[in-house]
Amino acid sequence: MKKAPPPERALKFLRWFCRDDYLEEIEGNLIEIFEDQYAASPHRAGWKFTWNVMLHFRPVFIKSYKTQWSLNSSNSDMLKNYLLIGWRNMLKNKLVSAVNLAGLSMGFTAAIFIALYVTGELNFDRYHTAADRIYRITKTVQTDQGERHMARAAARIAPAAVENLPAVQQAVRIAVFGRLTAGYGTFRDYEPMIAVDSNFFQVFDCRFIAGDPEIALDEPHSVVLTERLAEKYFGDEPPLGKILFTNWFEATVTGVIGDFPSNSHLDPPMLFSLSTMNTISGEFKNYMENDWASSRFSTYLLLEEEARPETVATQINDLSRKHLPADHQQVSYSLQPLKDIHFYSGDLESDYNAHKGQMAYVYIFSAIGFLILFIAFINYINLSTAGGMKRLKEIGLRKTIGAGRNQLVFQFMGESMVMVILTLVLAMAMIYLLMPAFNTLSGKNLQPDLTGGTALLIILVTGLLSAVLAGGYPAFYLSRLKPSLILKNTSGLHGKNPAGQLLLVVQFSIAIVMIAATIVINRQMNFIRNKDLGYNRNQLVTVDINSQPMRQQYEGVKASFLGIPGVEKVTTSTRVPGEWKNLHSATVIHENSPAELHYVAADEDYLPTYEITLLEGRNFSHAAADSLKILINQEAVKVLGLKDPVGQFLEISGFMREELEKPVLVEVIGVIRDLHFQSVREKIMPLMVSYYLNPFYPIDYYTLRIDTRDLPETLAAIRGVTQQFDPENPLEYHFLDEKFEELYSNDTKRSDLFGLAAILGIFIACIGLFGLTKIMVEKSVKEIGIRKVLGAGVLNITWLISGKFLRLIGIAFLIGTPVAWWVTRGWISGFAYHTPVTLDMLLMAGFIVLVISILTVSIQTIHAAKANPVQSLRDE
Amino acid sequence: MKEISLGEFGELVLLTVAALHDEAYGVSILENMEEKQGKKVNISAIHVTLKRLEDKGLVKSRFGGITSERGGRRKKFYMITAYGKKALDYQYALRTGLYHQIPKISFG
């Protein structure tokens with residue numbers, strides 16, 4: 001009878017670990033047991049065998065390290081010798097080793113951080129299970145001025161798509177309704193009002209902490225809170241089933257979800273059921289049932305596995321055309337993949353998108369990451385090549401007694417591998433420590449998840465690659481040298497290493513470019529901050545109008561504000577500068593040519609409060625008769641082609657590109673200076689200021705010019721006034737200069753990050769230079785001594801060593817400056833108003849780098865030059 | 001005699017080796033012990049114990065011949081040494097001595 005074989009893998013394992021002198025007995029016994037049991041149950045016998053093998057995996061039976069690995073003893077002795085020599089070398093040159101370690105680990109830290117940032121950007125929105133099948137509908141409208149793209153669709157598109165198109169599995173609408181006052185108990189705050197279809201959670205992944213995603217938003221007056229908001233309103237109380245007060249309606253909390261991750265373009269703090277709106281407004285219900293034309297709903301489709309988005313888009317257009325009147329604007333819909341939303345929504349209007357990203361910055365930061373890593377590598381290459389020069393005797397000896405070149409390469413590569421592993425460990429520790437700081441700086445919420453499989457793999461592969469790259473050159477360079485030359489001992493100061501010099505030049509060119517860019521960026525940021533905006537934004541407080549009482553009792557509110565001692569002037573307007581909401585716009589016709597003007601309505605105190613200069617004509621007077629009078633800015637005069645604008649009549653034909661039934665005739669009574677209503681990135685737009693008593697848009701803000709002497713008291717008084725007129729809603733105020741600063745928060749963050757990267761770059765380069773000088777000085781101690789004996793002065797010797805490096809840095813300056821000029825000009829032209837890139841900024845960058853490197857080099861060289869030659873020459 | 005540290009399991013294995021006389025090898029020891037004790041014993045425990053007993057000189061071993069059984073692996077037979085026998089005697093004397101000291105009281 002043929003015996004059944006025991007499980008092969010277990011047997012192999014046993015043979016691998018088990019001591020040879022025990023193996024036969026153990027294997028025999030196990031096989032015998034296996035064979036006995038096999039008849040009864042082959043399967044169980046197999047398991048039992050494997051289990052028994054596992055039980056034998058204990059120290060008594062395992063081959064000892066010696067018997068296992070030292071079979072090829074000459075190899076392992078060699079390995080041990082390499083490690084020992086490598087280790088001793090590291091200890092012998094503590095400073096250089098430390099420089100190497102610090103430089104490389106900083107380089108790795110920066111590069112890994114940037115990699116985390118970049119992968120975070122690239123993986124935006126991809127965490128949804130169905131991310132590949134989710135599309136957002138975008139709408140393109142043809143107008144006289146060209147195409148407009150919107151990230152919205154009409155109300156009926158979503159339900160019609162699900163009903164009529166088999167390829168559409170789900171369709172969910174998100175409607176944004178401005179803000180509401182929410183509250184629980186006595187606590188009140190403003191929150192964005194965002195309502196979604198009940199199948200929201202079937203399309204997007206949300207982590208439910210409480211409630212049932214299937215039914216959470218089925219009923220009207222339901223709300224699902226994010227964890228953050230649940231805690232904000234309900235504290236420790238379980239929110240499920242509680243009633244959330246809002247100033248529109250009351251809603252029952254039916255679910256709590258985890259906060260949306262930082263890499264989601266959707267970031268609603270709470271989600272109301274869309275059906276809520278139907279029950280509180282009959283008009284809205286009607287709208288929901290019949291609207292084929294509006295652009296109000298962010299609409300997302302979940303397509304079937306094999307569906308083609310282009311086909312679906314065509315079908316949606318067909319559906320839409322069937323229901324739209326023939327004379328309606330030329331409208332077409334298309335589908336935008338969820339994954340494209342982050343980077344490719346730049347030209348979309350009405351885009352509900354918490355974080356619009358720019359591909360350019362991904363490239364820029366990737367480039368910076370590579371450059372920093374490159375600088376660190378160059379450090380390593382130069383230091384180990386130069387350091388290796390000190391080991392020439394060792395290399396020569398090894399070669400003479402028969403070491404092949406391969407062995408030497410292997411030795412040096414191995415050393416760099418050990419080094420890289422050490423630095424990686426250091427870098428990982430630094431990343432864990434610095435992660436919170438980095439998150440604050442970058443405004444991201446990255447998780448230090450380096451233990452995850454892919455992250456670790458990437459880090460290890462990078463490490464391995466860098467060990468080969470950085471260790472490769474010194475290994476090949478040093479191993480190539482001829483032993484006869486080596487043992488003759490060439491002079492330290494004149495040994496040629498052209499590649500090393502080239503690398504040094506490259507390194508410092510990069511550093512100069514980065515420093516120059518930082519200087520230019522900082523100049524530009526200062527330029528923006530201090531640019532004359534056309535009005536005085538300091539000491540202005542804006543108070544948002546969030547309720548009818550505040551709006552309707554304008555006279556009373558204004559008088560009460562003025563009654564506060566710290567308040568100097570008060571005005572009201574529909575919009576304020578630095579505004580984050582959409583600016584209104586009006587289509588104005590003059591002599592048959594239409595122009596699009598930004599539109600603001602304000603009272604007669606607007607100009608004095610903001611300190612806007614009136615160039616011609618007059619301001620509004622306190623009279624209802626001014627309701628059809630307007631002020632325009634210089635740009636508007638230019639755009640409309642007006643000569644002698646005061647007293648001219650203009651025709652307003654529409655607002656926000658929607659035509660009025662009947663055009664309105666308005667008279668220009670004055671011309672004001674151009675002012676920056678928006679970020680300085682944008683060009684100044686033509687603007688009209690109309691009197692606040694008009695039927696077009698209601699007032700939305702009060703602006704108060706205050707003196708800052710007793711700020712807390714003034715603010716308390718302002719709060720008192722708003723509470724008096726509107727006890728329901730909390731006061732919402734902003735300092736205009738801070739609000740304006742927010743417009744640049746992304747730019748500021750980026751310039752901070754960039755500055756940090758530049759400092760890191762120059763730092764790494766300089767510690768490299770430091771180490772290099774140190775090696776150089778040590779090698780030429782004797783030469784310096786002899787030169788001194790023969791009469792060389794300190795300056796002379798300092799120059800002898802420093803000059804070599806400084807010449808290279810000079811070359812780096814010549815290369816780096818033009819590159820810096822070219823790079824920064826590209827960035828800065830993204831701003832409509834920018835400071836010119838002048839030569840002095842670039843020269844300053846070069847100067848800074850030069851000074852830092854002179855300092856770095858001279859610390860070592862002056863010390864060496866001043867040393868008494870007796871010290872270095874007596875022991876020969 | 002010098003004290004020999006012999007655990008309960010070690011003593012049982014040693015006894016089994018002695019009892020099986022010339023036929024004691026891993027599997028036979030295992031089967032014998034399982035039969036006598038009426039419970040499962042793991043082979044790895046027996047292997048470990050045999051090594052210890054051999055190190056202490058309580059048993060000695062020899063290889064049997066190659067057969068077609070056991071995947072062609074030789075059996076390793078264990079025999080008790082004189083020293084091992086002495087150890088068993090000592091243990092036996094110790095226990096019986098103690099046993100006889102138990103007062104003749106009815107435990108009924």
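Things worth noting here:
- Net charge, A:Ile564 excluded, C-beta distance under 11 Å - Lys, Arg +1, Asp, Glu -1: -3
- Distance (nanometres) between label positions extended 7 Å along Cα→Cβ at A:Ala98 and A:Ile280: 6.5 nm
- Per residue of peptide B:71-77, the mean number of Cβ atoms on other chains within 10 Å of the residue Cβ is 6.
- A simple packing score, the average count of other Cβ atoms within 10 Å per residue, orders the peptides B:41-47, A:772-778 as A:772-778, B:41-47, with the highest score first.
- For A:Thr252, net neighbour charge (Lys/Arg +1, Asp/Glu -1) across residues whose Cβ lies under 11 Å away: -1
- What the Cα atoms of the protein assembly as shown give is an Rg and a Dmax of 41.6, 134 Å.
- Counting DSSP beta bridges with both ends in chain A, the antiparallel % (nearest 5): 80 percent
- Each Lys or Arg adds one and each Asp or Glu takes one away; over the other residues whose Cβ falls under 12 Å from the Cβ of A:Phe272, this sums to -4.
- By average C-beta atoms within 10 angstrom, highest first, the peptides A:522-533, A:505-516: A:505-516, A:522-533
- Shielding by partners for peptide A:17-30, expressed as the average number of C-beta atoms from other protein chains within 10 Å of each residue's C-beta, is 5.
- Maximal additional length on extending the A:Lys638-A:Ile854 stretch stands at 72.3 nm, based on 0.36 nm per residue less the C-alpha distance.
- Contour minus Cα-Cα distance for A:Glu163 and A:Arg207 (0.36 nm per residue): 13.0 nm
- Within chain A, helices built from complete DSSP H runs that reach 18 Å or longer along their own axis (Cα positions) and carry a mean Kyte-Doolittle hydropathy of 0.0 or higher are A:94-122, A:359-389, A:405-442, A:453-480, A:498-530, A:711-725, A:745-779, A:794-828, A:839-866.
- Protein heavy-atom accessible area occluded, B/A pair - total, 1.4 Å probe, Å²: 1900 Å²
- In the frame of its principal axes, region A:8-69 has Cα extents of 42, 17, 16 Å, reported largest first.
- Counting only other chain Cβ atoms within 10 Å of each residue's Cβ, the peptide B:44-51 averages 5.
- For the residue pairs A:Lys558/A:Lys629; B:Lys36/B:Lys75; A:Lys629/A:Lys739; B:Lys56/B:Lys85; B:Lys56/B:Lys76, the alpha carbons lie more than 20 Å apart in A:Lys558/A:Lys629; B:Lys36/B:Lys75; A:Lys629/A:Lys739.
- Projecting the Cα atoms of A:Val506, A:Tyr697, A:Thr722 onto the charge dipole of chain A (Cβ charges, centred on the Cα centre) puts A:Val506 farthest toward the positive pole.
- Cross-linked pairs B:Lys40/B:Lys86; A:Lys356/A:Lys749; A:Lys339/A:Lys444: Cα-Cα separations exceed 20 Å for B:Lys40/B:Lys86.
- The length gained by stretching the chain between A:Ile421 and A:Val468 to full extension, at 0.36 nm per residue less their Cα-Cα distance, is 15.7 nm.
- Residue (of A:Ile375, A:Leu122, A:Ile137) at the positive-pole extreme of the protein assembly as shown, dipole from beta-carbon charges: A:Ile375
- Förster radius 56 Å - calculated FRET efficiency between A:Ala367 and A:Gln723 (Cβ-Cβ, nearest 0.05): 0.55
- In straight-distance terms, cross-link reach from A:Lys866 covers every one of the aspartates and glutamates whose alpha-carbon lies under 14 Å from its own, apart from those fewer than eight places away in the same chain; here that gives A:Glu778, A:Glu783.
- Farthest toward positive dipole pole in chain A [+1 Lys/Arg, -1 Asp/Glu at C-beta], among A:Ile215, A:Val203, A:Gly178: A:Val203
- Hits among aspartates and glutamates - C-alpha to C-alpha of A:Lys531 under 14 Å, sequence gap 8 or more where chains match: A:Asp674, A:Glu682, A:Asp737, A:Glu741
- All lysines inside 20 Å of A:Lys232 as judged from Cα atoms, apart from same-chain residues fewer than 8 positions distant: A:Lys242
- Å² of accessible area per residue within region A:540-737, as computed with a 1.4 Å probe and no ligands counted: 43 Å²
- Dipole magnitude for chain B: about 240 debye, using +1 per Lys or Arg Cβ and -1 per Asp or Glu Cβ, origin at the Cα centre.
- Site pair A:Thr143 and A:Arg709 shows an inter-label distance of 4.9 nm when each label is modelled 7 Å from Cα along Cα→Cβ.
- Residues whose amide H falls under 5 Å from that of A:His355, counting only those 5 or more places apart or on a different chain, are absent, with hydrogens built in the peptide plane.
- Extending 7 Å from Cα along the Cβ direction at A:Asp340 and again at A:Arg88 yields two label points whose distance is 6.5 nm.
The values are calculated or read from the model by the stated rules, or taken from the named source; none is laboratory data. This one's a predicted model, so the numbers in the text were calculated from it and none came from an experiment. Positions of Cβ are generated from backbone atoms using ideal geometry, with glycine treated the same way; all protein chains shown enter the neighbour counts. Quick note on the areas: whole protein, heavy atoms, side chains included, nothing else; ligands and nucleic acids left out. Shrake-Rupley method; radii C 1.70, N 1.55, O 1.52, S 1.80 Å.
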